Amino acid sequence: MKKLERSFYERATLEVARDLLGKYMVHETNDGRTVGKIVEVEAYVGSIDAACHAYNNKYTNRTKVMFGKGGYAYVYLIYGMHYCMNIVTNQETYPEAVLIRALEPIEGLEIMEKRRRTESIFNLCSGPGKLCQAMGITKLQNEMDLCGESMFLLHGETIMPEDIATTPRINIDYAREAREYPWRFIIKDNPFVSKGK
DNA sequence: CTGGGGATCGAG
DNA sequence: TCGATCCCCAGG
């Protein structure tokens, strides 16, 4: 299977978000290799999106990675205890990213179970915080190049347009009009999607 | 320096 | 439904 190249990520964010469904995310660590199929994502577009950390093109130490080239990881700590994994999209100067919200576990299940302290397969990667724990993603992976050797994506399975559902994003009630933007994409009827909302 | 708030999760 | 827990950042 072929590794996704920079050109895949450096496109319009909503397109990248849709196209990420079905891709395999791989993380190589000392514990071993874990792989998950992307089944749920959300797009964040800094210039116009009140839910995005880089709303109004806000440039801070935390958001700066989103202003860089596509294909890098944006990982941040939320609620003081969980990490969220994003993939930076579009060209330089456009602060945009896609949040990975759920994976279907493909490989390294034993490693995931150990990290998550559960053997329930539907509870390993069915949420943004859970999948970071299962895949061994922390602040250390922030700003990592996904075109490198440690963490990267593979062309996994092709998802037909009719198998993709679109909804508003989860837990962004504070974001005023952006609350309703249909920027969450999931694989229809996939049992590994998060139980958000 | 200070304090309010958050792209979550799991227990009860 | 609610508490844990702490980084981030705006404001003074």
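All of the numbers you see were taken from the coordinates with simple rules; none came from a lab. Just so you know, these numbers come straight off a predicted model, no measurement behind them. Note that each Cβ is placed from the backbone with ideal geometry, even for glycine, and that neighbours are counted across all protein chains shown.
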Taking all pairs of distinct alpha-carbon atoms in the stretch A:51-138, Kirkwood radius in angstrom: 13.8
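Please give me the summed charge of the neighbours of A:Glu177: other residues whose Cβ is under 13 Å from its Cβ, Lys and Arg +1, Asp and Glu -1. Present the calculation step by step, with values, prior to reporting the outcome.
On the way: positive: A:Arg169, A:Arg176, A:Arg179; negative: A:Asp49, A:Asp173, A:Glu180.
Net charge in that neighbourhood comes out at 0.
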Do you know the Lys pair count in the stretch A:6-187 for C-alpha distances under 29 Å, with sequence separation 8 or more or different chains? 21
Using Cα pairs closer than 8 Å and at least 6 residues apart in sequence, work out the relative contact order for chain A, in percent. 28
Which order do the peptides A:126-136, A:57-67, A:170-180 come out in when sorted by mean C-beta neighbours inside 10 angstrom, highest first? A:126-136, A:57-67, A:170-180
So for R0 = 22 Å, FRET eff. of A:Asn171-A:Tyr76 from the Cβ-Cβ r, to 0.05, ends up at 0.90
How much space per residue, in cubic angstrom, does the convex hull of the C-alpha atoms of the stretch A:6-187 take up? 110
Given just the C-alpha atoms of the stretch A:101-156, how large is their convex hull per residue in cubic angstrom? 92
Would you mind telling me which residue in A:Glu113, A:Glu104, A:Glu162 has the biggest mean-square fluctuation in a Gaussian network model of chain A, where springs connect alpha carbons within a distance under 10 angstrom? A:Glu162
Note, the stretch A:10-15: 3J(HN,Hα) by Karplus (6.51, -1.76, 1.60, θ = phi - 60°), whole Hz, Gly/Pro = x, goes 8, 10, 3, 4, 5, 5
Taking every Cα atom in the stretch A:7-69, find the radius of gyration and the maximum pairwise distance Dmax, and write them in Å. 14.2, 40
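Arrange the peptides A:75-81, A:182-188, A:141-147 so that the one whose residues have, on average, the most other Cβ atoms within 10 Å appears first.
Result, highest mean Cβ count within 10 Å first: A:182-188, A:141-147, A:75-81.
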From phi via Karplus (6.51, -1.76, 1.60), per-residue ³J(HN,Hα) for the stretch A:135-146 in Hz, x at Gly/Pro: 8, x, 9, 9, 3, 4, 8, 4, 6, 6, 7, 7
